[in-house]
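Just so you know, all these numbers are worked out from the coordinates, no wet-lab data involved. Keep in mind that this is a model prediction, so the values were computed, not measured. Glycine also receives a Cβ, built like all others from the backbone with ideal geometry; neighbour counts cover every protein chain displayed.
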Amino acid sequence: IGVGLVGFGLFFVLFGVLLYFDSVLLAFGNILFLSGLVFIIGFKRTFIFFFQRSKMKGTSFFLGGVVIVLMRWPLLGMLVEAYGFIDLFR
């Protein structure tokens, strides 16, 4: 279930970018991606991964970007989210 949710989340994010940053598709993709991640590695391990002291900057930018996309500022939200994603997973 988790891999399917992550796959659909990435598909919706890619499709939202291809349709000139459609905010509804991007928001739906972000929610599916995060919920799929929880299904794959579990809630506790996801929480521990995102809220480590060394990764707080990346987490704040990534989750802040998700919130900005949900507030219908898709281009700015995706830029902030991309920076947070790069900072989290480097």
Among [x] 14.6; [y] 12.9; [z] 15.0, the value of Kirkwood radius over Cα pairs in Å computed for this structure carries the label [y]
Which Cα, out of Leu26, Leu75, Gly65, lies furthest along the positive dipole direction of the chain (beta carbon charges, K/R +1, D/E -1)? Gly65
Excluding Ser54 itself, what net charge comes from residues whose Cβ is under 15 Å from its Cβ, given Lys and Arg +1 and Asp and Glu -1? +3
Report the Cα centroid-to-centroid distance between the stretch 1-45 and the stretch 64-90 in angstrom, as an integer. 13
